[in-house]
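Right, one structure below, let's go through it.
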Amino acid sequence: VPSHKESDDIDGTLRKMRLPFTILHLLFVFALSSIPSILLNVPVGIAAKVYSEGKRKKALANSSVKIQALDVMLSERITLSIVLVPTLWFTYAMILYFFSSFDGPAISLSIMSMPLFSYMSVLAAESGMIDIKDIRPHLMRLK
């Protein structure tokens, strides 16, 4: 029968052996969850960021009252996103229609599910960011 100290040593060793797996699992889940976000949200986010930054600079140049013009930037991002998200989905629909062998119902189902997948990718990205924050303590324990 192993003593209490030997049992603690074995448990500590097993925990250390499990750490690399935990880190790899967190990274894998984050990478996997970012795929829908990259396809459905990132193109609109990049375009909105670039466009709103230009509008913010223009508003700052034309106003003597604005300090940072963050209100202009936010409203421009929202307005542009309202227009670009359906445009992006329509573009994907055209790509599916002309360059794939899918039939009409399959393309319709793909397009109708894009809002759900877009929302789920936002939730997955949020969860992924929490996982990224959880990796640091695991890395610190490896030392």
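Listing for the model above:
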item: Rg/Rh (Cα only; Kirkwood hydrodynamic radius) as it applies to the stretch 59-109; result: 1.37
item: Whole-percent carbon and sulfur share, accessible surface of the chain, 1.4 Å; result: 71 percent
item: Cβ charges +1 (Lys, Arg) and -1 (Asp, Glu), total dipole of the stretch 2-143, debye; result: 640 debye
item: Folded to 0 to 90 degrees: helix 42-62 orientation relative to the chain principal axis, Cα; result: 60 degrees
item: Options Ile95, Val72, Ala61, ranked by Cα towards positive dipole end of the stretch 44-126, top entry (Cβ charges); result: Ala61
item: Degrees separating the helix 4-40 axis from the principal Cα axis of the chain, which is the longest one; result: 10 degrees
item: In degrees, nearest ten, helix 104-142 long axis to first principal axis of the chain (Cα); result: 40 degrees
item: Sparse-neighbour loop sites [chymotrypsin sites (Phe, Trp or Tyr not before Pro); the stretch 30-108; at most 16 other C-beta within 10 Å; DSSP]; result: Phe102
item: Per residue convex hull volume, Cα atoms of the chain, in Å³; result: 197 Å³
item: Computed over the chain: relative contact order in percent, which uses C-alpha pairs under 8 Å that are six or more apart; result: 38 percent
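The values are calculated or read from the model by the stated rules, or taken from the named source; none is laboratory data. None of these values were measured; they are calculated from a predicted model. As a convention, Cβ positions derive from the backbone with ideal geometry for all residues, glycine included, and neighbour counts pool all protein chains shown. Remember, those area values only see protein heavy atoms, side chains included, never the ligands or the DNA or RNA. Shrake-Rupley method; radii C 1.70, N 1.55, O 1.52, S 1.80 Å.
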